[in-house]
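The values are calculated or read from the model by the stated rules, or taken from the named source; none is laboratory data. Not measured: the values here are computed from a predicted model. Reconstructed Cβ throughout: ideal geometry from the backbone, glycine too, with neighbour counts over all protein chains shown. Please note that ligands, DNA and RNA were not included when accessible areas were found on the heavy atoms of the full protein model with its side chains. Shrake-Rupley method; radii C 1.70, N 1.55, O 1.52, S 1.80 Å.
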Amino acid sequence: MTKSRFVLVGLGVVAASLLASCSSSTCGSIQASDYDQSCSTRSDCVAVAEGDSCKGLFCVDCANAAINVSAQAEYEAALQSIKGPTGICPCPEGATVTCDAGVCSLN
């Protein structure tokens, strides 16, 4: 088995064991809609990751939603309490924070 295949197989085993060990008591989710998303200007908003570690790896560094900056500390505290498979992932680029009709979002 080549080294690259060994690494891929190893990652698959780790991912499978993380998913198998994840139950409702050891995983969790975080949703931007649970936090203040109101805004007047774009500077009122900050990009955040939302996801569910019960459904697989939750990439905590991949922004896919936005909340008001005043809710960022509360969001960060909740993020630290998420159990289950979380990690740093390669994320797609391009989305920017915006204030659209009084609601923080990504475009």
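Here region 74-107 is the region considered, the condition is being among the polar types (S, T, N, Q) and within 18 Å of LYS55 (Cβ to Cβ), and the residue that is nearest to the chain's Cα centre (by Cα) is THR86. In region 40-64, the residues that are over 15 Å from PRO92 (Cβ atoms) never reach a residue that is in a helix (DSSP H, G or I) and acidic (Asp, Glu) with C-beta atoms less than 8 angstrom apart, at least six apart or across chains.
CYS54 - would you say it is surrounded by 15 or more Cβ atoms within 10 Å (Cβ to Cβ) and either out of contact with any helix residue (DSSP H, G or I) (no Cβ under 8 Å at 6 or more places or on another chain) or aliphatic (A, V, I, L, M) (or both)?
Values: surrounded by 15 or more Cβ atoms within 10 Å (Cβ to Cβ): yes; either out of contact with any helix residue (DSSP H, G or I) (no Cβ under 8 Å at 6 or more places or on another chain) or aliphatic (A, V, I, L, M) (or both): yes.
When the stated conditions are applied, CYS54 passes them.
Scanning region 93-102 for residues that are closer than 15 Å to ASN64 by Cβ and at pLDDT 85 or above yields a total of 3.
The residues in region 65-95 that are in contact (Cβ under 8 Å) with a residue 40 or more places away in the chain, open to solvent by 30 Å² or more (accessible area, probe 1.4 Å) and at negative phi can be counted, and the count is 3.
Do you know which residues across region 43-84 are of a type in the set (Gly, Ala, Ser) and part of a strand (DSSP E or B)? Write out each step before concluding.
First pass over region 43-84, keeping only residues of a type in the set (Gly, Ala, Ser): 43, 47, 49, 51, 53, 56, 63, 65-66, 70-71, 73, 77-78, 81, 84.
Passing the criteria: ALA47, GLY51, ALA65, ALA66.
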